[in-house]
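Below is one structure, written out as structure tokens, with a few remarks after it.
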Amino acid sequence: MEADSLMRADSAFWLAAVNRTHPAVCRYDSAIRKKLDNAMLMCPGLKKVYLTKYVYLMRSWKPDEILLLLRKMATNVPDSIAADMWSLKAVLEDRAGFRDTAKHDFRKADSIYELTLRHYAKEQRDTMQYSAIRVMKALNLSLLYDNFQLLQHELELYRRVYETPLDGWEVLYTIESKEQYYRFVFGN
């Protein structure tokens, strides 16, 4: 896909950390967007195009555009949306004031997390990944119910089992409400 080639051609875009205060923009931004949008119009069921655009928008940190894309994905390719993507869609819908849609999406994410946990439990391998998914499921439910005790419990359990906090997730230990989480993620 041409858009992939253009994105890979801009190494600075991929090497910079995702930063919501100073989002990275690929030097081929308009060409990439045009190619991806055209591909979605021509083949609305082609999952790879949606996932490529999702990755691009996440790297560029464009929450409003991510929500629009996830809405399209929910209609055109719902089976390609992972649990974390449903959870992000729920957060973005909630933030936009669509509470009922957000609740539906949080519950959809929860059911996918549950299936993933069952798979890992059945396979009995990669306990660290299993634990991380439990934490992600707890975060999702904490956001749904605006009660972060479950998340705090899972984080504490992880810390006790692995004798270290979940790397990069230290800030979650201090989150006590949905609004506080949204301020952390979106900066406002």
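The values are calculated or read from the model by the stated rules, or taken from the named source; none is laboratory data. If you're wondering where the values come from, they're calculated on a predicted model, not measured in any experiment. Methodologically, a virtual Cβ is constructed for each residue, glycine included, from the backbone with ideal geometry; neighbour enumeration extends over all protein chains shown.
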Which ones in region 36-79 are of a type in the set (D, E, K, R) and modelled with pLDDT under 90?
Arg59
Subset of region 21-46 [more than 14 Å from Trp61 (Cα to Cα), of a type in the set (Gly, Ala, Ser) and in contact with a helix residue (DSSP H, G or I) (Cβ under 8 Å, 6 or more places away or on another chain)]
Ala31, Ala39, Gly45
If we keep only residues of region 125-144 that are at pLDDT 95 or above and of a type in the set (S, T, N, Q), then the residue farthest from Ala83 (Cα to Cα) is Ser142
If I ask for residues that are crowded, with 18+ Cβ neighbours inside 10 Å and of a type in the set (Phe, Trp, Tyr), which ones from region 94-119 would you list?
Phe106, Tyr113
Among the residues of region 100-131, count how many are closer than 11 Å to Ala90 by Cα and of a type in the set (Val, Ile, Thr).
1
Looking at region 161-188, which of the residues that are at pLDDT 90 or above, charged (D, E, K, R) and not in a loop (DSSP other than H, G, I, E, B) is nearest to Asp64 (Cα to Cα)?
Arg183
Of everything in region 70-93, what is farther than 22 Å from Leu115 by Cα and surrounded by 21 or more Cβ atoms within 10 Å (Cβ to Cβ)? Give them in sequence order.
Leu92, Glu93
